[in-house]
Amino acid sequence: MSLRTLPELPAISMRSGLGSEISPSALGKWQAEIKAAEETDNTISILGTIGADFFGDGITARRVSAALRSIGDREVVVNINSPGGDFFEGLAIYNLLREHKQKVTVKVLGMAASAASVIAMAGDRVEVPRAGFLMIHNTWVLAVGDRHDLRDFADVLEPFDSAAAEVYAARSGLDTKEIGKMMDKETWIGGQAAVDKGFADALLPADQVTKDAKAQGELGVNAAARRVEMILAKAGLPQADRKRLISELKSGTRDVADDATRDVGDPALRDMLSRIDIN
């Protein structure tokens, strides 16, 4: 498949009050320990969340751009095991891979969900293990504002859902309306189904995938932090305080965490957080 047949996706600046987030279902199913059994110097690893998080982790367009410059005018292998993340950052990474002049082979090692599934579609060749998954859905966000803002947010997101549907349709050959229905209900596509439906070209051999217990521990901490951040956002804690609280919880500083939890709107959550033993 030629990259020239794939549509370019529009870029967007994050609007105030709107933040792209990981789907809770994807985060819950993600197995962070899955990685490639072997890598070469022309490999880009997307193993984790899309977009920078509170701790400076996560895969960004800037990081992928730097990796592509380092690889130069050669074929590229992109290994993916990601629950998704910042959809708009995913669009930028998709465009970078789409524009690469040499062949791009995408290997979904475990999961390519949400924004990561869009990135996966940029490959000339896409491989998914029999036990792996793609997940497609509408853009998943956290939004803050009054009723007018929320109506506007829906209008802002609709073109991006349509653009993603066009990418999936271009890769698979399925009708965009059918893709839209799959996105509406959040669809998980197993390895063989991904090949059968045209989202992938072949099954990834099992011996190309392994597990890293150390990665499970390190990335698991950050995945847990993401879950806590989402809970705090729904409880009404401002973003700056969420960032400060999670950073202090991770570092083990109690006083600042206590200060931040005083403003959590949900009394039950405030009480729970105030009793967390982080030492």
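The values are calculated or read from the model by the stated rules, or taken from the named source; none is laboratory data. Worth saying up front: this structure is predicted, and the values here are computed from it rather than measured. Glycine gets a Cβ as well: all are built from the backbone with ideal geometry, and neighbour counts include every protein chain shown. These area figures cover heavy atoms from the full protein model, side chains too; ligands, DNA and RNA do not enter into them. Shrake-Rupley method; radii C 1.70, N 1.55, O 1.52, S 1.80 Å.
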Looking at (1) farther than 26 Å from L142 by Cβ; (2) open to solvent by 10 Å² or more (accessible area, probe 1.4 Å); (3) in contact (Cβ under 8 Å) with a residue 40 or more places away in the chain; (4) not aliphatic (A, V, I, L, M), which is the one condition that is false for N79?
(2)
Please work out if S25 is at pLDDT 65 or above, open to solvent by 20 Å² or more (accessible area, probe 1.4 Å), of a type in the set (S, T, Y) and in a strand (DSSP E or B).
no
Taking the options D212, D201, D196, name whichever one is at pLDDT 95 or above, among the charged types (D, E, K, R) and closer than 20 Å to N81 by Cβ.
D201
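Residues checked against (1) surrounded by fewer than 15 Cβ atoms within 10 Å (Cβ to Cβ); (2) assigned to a helix (DSSP H, G or I):
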| site | (1), (2) |
| --- | --- |
| L150 | yes, yes |
| A154 | yes, yes |
| L157 | no, yes |
| A170 | no, yes |
| E178 | yes, yes |
| K181 | yes, yes |
| I189 | no, no |
Can you tell me which of S70, S45 is open to solvent by 10 Å² or more (accessible area, probe 1.4 Å) and without any contact (Cβ under 8 Å) to a residue 12 or more places away in the chain?
S70
Of the conditions (1) open to solvent by 60 Å² or more (accessible area, probe 1.4 Å); (2) modelled with pLDDT under 95; (3) in contact with a Phe, Trp or Tyr (Cβ under 8 Å, 6 or more places away or on another chain); (4) not acidic (D, E), F133 fails just one. Which one is it?
(2)
Among strands (runs of 3 or more DSSP E) lying entirely in the stretch 75-133, which contain 3 or more residues that are over 18 Å from the mean Cα position of the chain (by Cα) and acidic (D, E)?
none
